[in-house]
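> Shown below is the structure under consideration.
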Amino acid sequence: MPQHYPFSAVVGSADMSLALVLSAISPEIGGVLVRGEKGTAKSTIVRGLVGVLPPIEVVAGDAFSTDPAERPDAPTEQRPVRLVELPVGATEDRVLGSLHLEKALAHGAAEYEPGLLARAHRGILYVDEVNLLHDHLVDVLLDAAATGRATVERDGVSVTHAARFVLVGTMNPEEGELRPQLLDRFGLTVEVAAPRDPALRVEVVRRRMAHDADPEAFARRWAAAESDLTRRVAAAQALLPDVVLDDDVLLKVAELCAAFEVDGLRADLVTARTAVAHAAWHGRTRVTVEDVRAAARLALPHRRRRNPFDAPGLDEDLLDDVLGPEPDEGPEDDPDGPGEGPEDGPDRGPGEQPGQPEQPGQPESAPGDDDAPGRPDPTAEATEEPTPQPTPQPTPSPAGAGTTVAAGATYRARLFTVRGAGRGESGRRSRAETDTGRRVGARPGRTGAIHLAETVRAAVPHQALRGRAPGAGGRLLLDADDLRVAVREGQESNLVLFCVDASGSMAARRRMEQVKAAILSLLLDAYRRRDKVGLVTFRGAGAELTLPPTRSVDVAAARLEVLPGGGRTPLAEGLEEAARTLATERLRDPRRRSLLVVVTDGRATAGADAVARSRHAAAALAAAGQAALVVDCESGPMRLGLGGVLAAHLGAEHVPLAEVSAGALAATVRERVA
């Protein structure tokens, strides 16, 4: 078994260590989401956590880690807390469990084979890159997190079992944000970043190299600190039921959540539970305002977000207004607190913060050690509308760079899809044959989810030829050609590549406000539908790939916000750059279909034969079968209709800018019907 890096040896990471330890002390908090750039030891510290958790009592030989209190007459055994890793590409059968195929086919017995949720009961369920998790697995996790139980109803199996676990997820925000329903299920969230202090970076590398050279010797060096931390966690778990949360402190929690305008009451519950666990961690039997302050910093930041483009974080001034200013802390005030302490080496023990004997202020960032919903709401798009913001004034860009205009208020965009049915990654945009969704049939095959009923049906007519007498007992005689895999119809995610005209004809303040508002609205739609997005812009003499395709709509929005306008219109160059980008992405991911969104008024004014070259580039994209949409930005009483001509050459859907909004489209339909 590989030797994990000791939890106590990770440099810094005070917030992350504290959040993990508090969740282990009080699993009712709801787990931890760790957000941070790659290479910040997110996975390292999570895997190290189980090494410092006290063992648990379970019913001997039980596959579900049942608490002996539920079966007092059963024999018991003690075992370590489990860390169960849920791969991003896991199947629903593997997560929930399903029919034991071997026993079903060999003996005709319908027996349940437990999945990962059963194994994680009373332990830690860890999802690395949780933001990339398929929607159907998110639904499963949400159900289990809400009820504390997992239910399996399929293939003749009907089982319900306990599934209470500490959910820990890590993610890199650059690869895309987390679905809002799952984000809210995480009790606590922390942001981690690599240290900028050279001395801390040196210490990180020194420890990592020492561990890699001799993991066992490195573990022995930190054994005392690990044992001390285990004893402290066990003491806090024992003290937790005796901690008192006074009404005046609970009122402070409610005032704090109301002041930060969080949605619902889950924030109040999580903050209160975290404050109680924080008091137990520090050996106190009464919750103080400082416990509430520490809890709020972990429980509220991700609940204040209103849309994917809002920056996470907590307003410290508002926190002080509600709770009062934070008192000055010296090392003598709370020797076991989460503050900074001296560098005393591995013999110091857990010291000033959970699992941090040496106390530098940032998480370890080891080179080469990279960190590596209820049901879907059909009204989610309407309920997730961001609050419209006042329109800011234009901002001058650096000399020669054109003028930057801020976006107008966003809105719910129409749904634009790729025609036909694909076989790409599960999402919420275009029709596709996927691993999830409703089962619509079966096909011969040896890869994919086995359709048991159709497999049996295919085998039955051949039993006599295979030597099984009619009416005879025994197992069903199967052949490889009998295998049938399920065909499911659902929705896929796509690559949405924006090709945006930023030339002088688009640079009028009011028009650019509307254009950016439309693109931001489409980006919000792409976020909700789990798409990848990219951004090509063209102005002046050429075009550039402003943002290579990514899952992070936050980054796309940031690039769009500073997009300057001005100059001539190299439409042909923009389309050619888009074609090159799409061709590259097809090589990287052949299954993912793409939608090209060209945002322009249709003019082409840069270079020789600008109009002819633009139409030739458009025709080439159409010949390649590229799905496209032209958002026509032309306005005013005198219109040339060039956007419609471009759409015809692209074989694309043509949509006036004013009709990108779903609300505007509905109003137009109502007017025409009337």
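The values are calculated or read from the model by the stated rules, or taken from the named source; none is laboratory data. Model, not experiment: these values are computed from the prediction. Glycine gets a Cβ as well: all are built from the backbone with ideal geometry, and neighbour counts include every protein chain shown. Each accessible area value is taken on the protein alone, full model and side chains, heavy atoms only, with ligands, DNA and RNA left out. Shrake-Rupley method; radii C 1.70, N 1.55, O 1.52, S 1.80 Å.
> Under 8 Å between Cβ atoms, at least 6 apart or on separate chains: pull out the pairs that start in segment 539-563 with a residue that is part of a strand (DSSP E or B) and end on any residue that is of a type in the set (D, E, K, R) and surrounded by fewer than 18 Cβ atoms within 10 Å (Cβ to Cβ).
Pairs that qualify, where the first residue is part of a strand (DSSP E or B) and the partner is of a type in the set (D, E, K, R) and surrounded by fewer than 18 Cβ atoms within 10 Å (Cβ to Cβ), are Thr546/Arg559; Leu547/Arg559; Thr550/Glu174; Thr550/Glu175.
> Sticking with this structure for a sec: When residues of segment 140-180 are filtered for being modelled with pLDDT of 85 or more and either over 22 Å from the mean Cα position of the chain (by Cα) or open to solvent by 60 Å² or more (accessible area, probe 1.4 Å) (or both), how many remain?
Residues that pass the stated criteria total 5.
> Just wondering, is there one or more residues in segment 502-520 that are of a type in the set (Val, Ile, Thr) and in a strand (DSSP E or B)?
Looking through segment 502-520, none of the residues is of a type in the set (Val, Ile, Thr) and in a strand (DSSP E or B).
> Would a scan of segment 447-455 turn up a residue that is farther than 30 Å from Ala610 by Cβ, hydroxyl-bearing (Ser, Thr, Tyr) and surrounded by fewer than 18 Cβ atoms within 10 Å (Cβ to Cβ)?
Scanning segment 447-455, I find at least one residue that is farther than 30 Å from Ala610 by Cβ, hydroxyl-bearing (Ser, Thr, Tyr) and surrounded by fewer than 18 Cβ atoms within 10 Å (Cβ to Cβ), so the answer is yes.
> Considering segment 411-436 alone, what residues qualify as being at pLDDT 70 or above and open to solvent by less than 30 Å² (accessible area, probe 1.4 Å)?
Of everything in segment 411-436, those that are at pLDDT 70 or above and open to solvent by less than 30 Å² (accessible area, probe 1.4 Å) turn out to be Ala413, Phe416, Val418, Gly422, Gly424, Ser426, Gly427, Arg429, Ser430, Ala432, Thr434.
> Now a separate question. Count, please, the residues in segment 240-268 that happen to be of a type in the set (A, V, I, L, M, F, W, C), surrounded by 19 or more Cβ atoms within 10 Å (Cβ to Cβ) and assigned to a helix (DSSP H, G or I).
Selection size over segment 240-268: 5.
> Also: On the basis of being buried (at least 18 other Cβ atoms within 10 Å of the Cβ) and closer than 23 Å to Arg613 by Cβ, does Glu577 make the cut?
So Glu577 fits the description; yes.
> Inside segment 601-674, counting only helices (runs of 4 or more DSSP H) that do not spill past its ends, which hold 1 or more residues that are among the hydrophobic types (A, V, I, L, M, F, W, C), in contact with a strand residue (DSSP E or B) (Cβ under 9 Å, 6 or more places away or on another chain) and at pLDDT below 90?
Once the helices (runs of 4 or more DSSP H) in segment 601-674 are filtered for at least 1 residues that are among the hydrophobic types (A, V, I, L, M, F, W, C), in contact with a strand residue (DSSP E or B) (Cβ under 9 Å, 6 or more places away or on another chain) and at pLDDT below 90, what remains is 662-673.
Okay, residues lined up against (1) of a type in the set (Asp, Glu); (2) open to solvent by 10 Å² or more (accessible area, probe 1.4 Å); (3) in a loop (DSSP other than H, G, I, E, B):
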| site | (1), (2), (3) |
| --- | --- |
| Gly12 | no, no, yes |
| Glu77 | yes, yes, no |
| Pro87 | no, yes, yes |
| Arg94 | no, yes, no |
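> Could you list, in sequence order, the residues of segment 191-207 that are of a type in the set (D, E, K, R) and either open to solvent by 30 Å² or more (accessible area, probe 1.4 Å) or at pLDDT below 90 (or both)?
Result: Glu191, Arg196, Asp197, Arg201, Glu203, Arg206.
> Separate question: Would you check if there is a residue in segment 464-485 being part of a strand (DSSP E or B), modelled with pLDDT under 85, surrounded by fewer than 20 Cβ atoms within 10 Å (Cβ to Cβ) and of a type in the set (Val, Ile, Thr)?
Looking for residues that are part of a strand (DSSP E or B), modelled with pLDDT under 85, surrounded by fewer than 20 Cβ atoms within 10 Å (Cβ to Cβ) and of a type in the set (Val, Ile, Thr), one finds none in segment 464-485, hence no.
> With (1) open to solvent by 70 Å² or more (accessible area, probe 1.4 Å); (2) of a type in the set (Gly, Ala, Ser); (3) touching a His at 6+ places or on another chain (Cβ under 7 Å) as the list, and Ala213 as the residue in question, which single condition is left unmet?
All conditions are met except number (3).
> Looking at Glu561 and the list (1) open to solvent by 40 Å² or more (accessible area, probe 1.4 Å); (2) within 19 Å of Val660 (Cβ to Cβ); (3) at pLDDT 90 or above, which single condition is not satisfied?
(3) is the only condition that Glu561 fails.
> Additional query: From the list Arg185, Arg164, which one is under 29 Å from Thr550 (Cβ atoms), in contact with a helix residue (DSSP H, G or I) (Cβ under 7 Å, 6 or more places away or on another chain) and not acidic (Asp, Glu)?
Within the list Arg185, Arg164, the selection yields Arg185.
> Within segment 117-131, which residues are open to solvent by 10 Å² or more (accessible area, probe 1.4 Å) and part of a loop (DSSP other than H, G, I, E, B)?
Arg122, Glu129
> Next question. Of Ala604, Ala647, which residue is within 13 Å of Phe538 (Cβ to Cβ) and hydrophobic (A, V, I, L, M, F, W, C)?
Ala604
> What are the residues in segment 253-268 that are over 14 Å from Leu318 (Cα atoms) and within 23 Å of the chain's Cα centre (by Cα), if any?
Result: Asp263, Gly264, Leu265, Arg266, Ala267.
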